[in-house]
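A.B. asks: Got a structure here, written out as structure tokens. Questions coming.
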Amino acid sequence: MSTQDKEQAELDWELTDEFYSQDAGKKEMSLEDFMDDTSADLNADSGLDASAEASARLQQVAADVSRVLALSSQGKMAADIAAEMGVEASYVSDIMVCIQAFPEDNPLAVARLIVMG
């Protein structure tokens, strides 16, 4: 090792023993140090309400997926399907793209992609 390499190694703080030794005065961190205080204030019912609402939304989108699948198999275009269902054409297009990308999936799986996306 050359003199320059030795000097570089001495300056490299990751290679020093102090970097890897624990300070006796430092407090050890725990999971509770990173938890948000507001999470304890949440009502348990509100979490259930949100879950029920998300589940209802997912079921509605899954029903829409099934309907779009049935109408598209009849040869209808996205704009025609959207007009018949009373929804936006972009929503129907998104469903049709997901159905084409993942043809083996069931309507609930496609609905999850639509809701998440």
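The values are calculated or read from the model by the stated rules, or taken from the named source; none is laboratory data. What you see is a predicted model; the values in this text were computed from it and never measured. Neighbour counts are summed over all protein chains in view; Cβ atoms, including those assigned to glycine, are modelled from backbone coordinates with ideal geometry. To get the accessible areas, we keep the full protein, side chains included, count just its heavy atoms, and leave off ligands, DNA and RNA. Shrake-Rupley method; radii C 1.70, N 1.55, O 1.52, S 1.80 Å.
A.B. asks: Determine the sum of side-chain charges near G86: Lys and Arg each +1, Asp and Glu each -1, restricted to other residues whose C-beta is under 13 angstrom from that of G86.
C.D. replies: Working: positive: R67; negative: D64, D80, E84, E88.
Net local charge, G86 excluded: -3.
A.B. asks: So what does D12 come to for accessible area, using a 1.4 Å probe and Å² rounded to 10?
C.D. replies: Counting only protein heavy atoms, D12 exposes about 50 Å² to solvent.
A.B. asks: Select from the range 49-117 those GluC sites (Glu not before Pro) which occupy a DSSP coil region and have at most 15 other Cβ atoms within 10 Å, ordered by residue number. List each step's numbers first, then the result.
C.D. replies: Working: sites: E53, E84, E88, E104; in loops: E88, E104.
Answer by residue number: E88, E104.
A.B. asks: Roughly what would the spin-label model give for S73 and M29, points 7 Å off Cα along C-beta, in nm?
C.D. replies: In this crude spin-label approximation the distance works out to 5.4 nm.
A.B. asks: Something else now. What accessible area, in Å² to the nearest ten, does a 1.4 Å probe give for F34?
C.D. replies: Rounded to the nearest 10, the figure is 150 Å².
A.B. asks: OK, next. R67 accessible area, nearest 10 Å², 1.4 Å probe?
C.D. replies: Its heavy atoms expose roughly 110 Å² to the probe.
A.B. asks: Below 8 Å between Cα atoms, with a sequence gap of 6+, how large is the relative contact order for the range 44-117 in percent? Let's see the in-between values first.
C.D. replies: On the way: 52 pairs, mean separation 27.0, N = 74.
37 percent.
A.B. asks: Describe numerically, in nm with one decimal, the distance between label points set 7 Å from Cα along Cα→Cβ at Q4 and at L58.
C.D. replies: 6.1 nm
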